[in-house]
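This report refers to the structure that appears directly beneath it.
The values are calculated or read from the model by the stated rules, or taken from the named source; none is laboratory data. These numbers come from a predicted model, not from an experiment. Methodologically, a virtual Cβ is constructed for each residue, glycine included, from the backbone with ideal geometry; neighbour enumeration extends over all protein chains shown. These accessible areas exclude ligands, DNA and RNA; they are computed on the full protein's heavy atoms, side chains included. Shrake-Rupley method; radii C 1.70, N 1.55, O 1.52, S 1.80 Å.
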Number of protein chains: 2
Amino acid sequence: MGGGDWLRHVPDGDNRERLVCPDCGFINYQNPKIVVGAVASFEDRLLLCRRAINPRKGYWTIPAGYLENHESVEHGARREASEEACADLALDGLLAVYNIPRISQVQLIYRARLENPQSVAAGDETLEVMLVGWDEIPWDDLAFPSVHWALEHWRRVADQGIFPPFGNPEGATGDY
Amino acid sequence: MGGGDWLRHVPDGDNRERLVCPDCGFINYQNPKIVVGAVASFEDRLLLCRRAINPRKGYWTIPAGYLENHESVEHGARREASEEACADLALDGLLAVYNIPRISQVQLIYRARLENPQSVAAGDETLEVMLVGWDEIPWDDLAFPSVHWALEHWRRVADQGIFPPFGNPEGATGDY
């Protein structure tokens with residue numbers, strides 16, 4: 001199956017159209033994807049990564065990526081920071097749950113402390129990394145709306161012990 | 001493709017084995033699935049549903065199910081309660097994020113108020129519904145460990161304004 005030849009069909013016992021192979025009946029359930037990431041701070045500086053891959057190659061983001069099978073969300077958030085920025089994180093609360101419905105994405109973003117500020121470095125999917133103060137954040141060159149949201153939300157609870165996770169800003173869809 | 005004939009192969013630019021169709025090269029990425037649900041209360045009673053489907057047919061659960069594409073997590077939690085128990089919920093905080101790594105499942109469970117206690121009823125996937133006080137919960141007949149966790153966690157924050165979401169109890173995997 002090339003992915004373009006699937007039939008749309010409601011399987012028995014289901015209530016929605018799914019992609020079904022016309023040859024063998026295999027049902028290709030498509031589910032929302034989970035992105036895990038973190039706003040990681042060291043003292044008053046934040047970890048940002050410049051993307052080496054599309055979408056939004058060359059723009060700045062927080063370390064984040066797709067959760068893998070058989071992985072906890074916490075493990076995934078730390079793994080992505082390790083892969084993208086050679087960063088070792090201690091998670092410190094779920095900062096936000098964002099929905100990007102157009103692309104069926106749910107983002108779980110943690111507040112984290114960066115444990116190895118001296119040794120952060122660009123991973124394979126990153127052009128460069130930096131630790132920046134709040135006033136040095138390149139707001140016009142951030143990769144995605146949700147990166148803006150996460151940084152702004154982080155600032156509101158940076159010094160707070162417990163807090164409930166944020167969601168999308170009112171009315172925001174995350175499209176860019 | 002019948003699902004059993006996929007090849008395991010690391011695609012270019014990836015770092016993990018994926019299922020690839022040997023005929024056309026279609027990559028069947030398999031991702032963790034998101035379950036959304038709620039512990040819904042009316043006064044001092046909680047909404048439970050007896051499952052009409054496997055796994056764990058005949059056992060009691062909270063309303064919960066798979067998030068659909070293009071759906072927010074909050075919408076999904078309310079939709080599942082509507083489909084399974086004809087229940088109308090007002091969500092009131094993210095109660096928990098649970099990981100069940102063996103089956104690559106992430107559960108987002110909300111605290112909710114039941115808005116229509118008079119009209120809850122069994123949906124297609126439910127044998128019966130009930131509203132029970134804490135001492136009437138059928139602990140030995142709950143469907144999944146995470147149902148236990150969610151009820152216990154709900155009790156700890158039932159009267160609390162803000163709280164951070166719970167995770168798995170220490171060391172618990174969610175297997176049953």
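See the values below:
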item	result
Filtered residue count, segment A:40-78, keeping only those that are over 12 Å from the mean Cα position of the chain (by Cα), within 14 Å of another protein chain (Cβ to nearest Cβ) and among the small types (Gly, Ala, Ser)	2
Test: residue in segment B:58-65 that is open to solvent by 60 Å² or more (accessible area, probe 1.4 Å) and free of Cβ contacts under 8 Å to residues at least 24 places away in the same chain	no
Qualifying positions in segment A:97-128 - open to solvent by 60 Å² or more (accessible area, probe 1.4 Å) and either hydrophobic (A, V, I, L, M, F, W, C) or at the interface with another protein chain (Cβ under 9 Å from one of its Cβ atoms) (or both)	A:ARG102, A:ILE103, A:ASP124, A:LEU127
Single residue of segment B:2-27 satisfying the filter (open to solvent by less than 90 Å² (accessible area, probe 1.4 Å) and charged (D, E, K, R)) that is modelled with the lowest pLDDT	B:ASP14
Given (1) in contact with a helix residue (DSSP H, G or I) (Cβ under 9 Å, 6 or more places away or on another chain); (2) part of a loop (DSSP other than H, G, I, E, B); (3) more than 27 Å from A:GLN160 (Cα to Cα), index of the condition A:ALA87 fails	(3)
Where B:LEU48 falls short, out of the listed (1) surrounded by fewer than 23 Cβ atoms within 10 Å (Cβ to Cβ); (2) more than 30 Å from A:THR173 (Cα to Cα)	(1)
Segment A:138-176, residues that are away from chain B (no Cβ under 14 Å) and either outside any helix (DSSP H, G or I) or modelled with pLDDT under 95 (or both)	A:PRO138, A:LEU142, A:ALA143, A:PHE144, A:ALA158, A:ASP159, A:TYR176
Cross-chain or 6+ apart pairs with Cβ under 7 Å, segment B:21-33 first and facing chain A (nearest Cβ under 7 Å), then modelled with pLDDT under 75 and open to solvent by less than 50 Å² (accessible area, probe 1.4 Å)	B:CYS21/A:MET1; B:CYS21/B:MET1; B:CYS24/A:MET1; B:PHE26/A:MET1; B:PHE26/A:GLY3
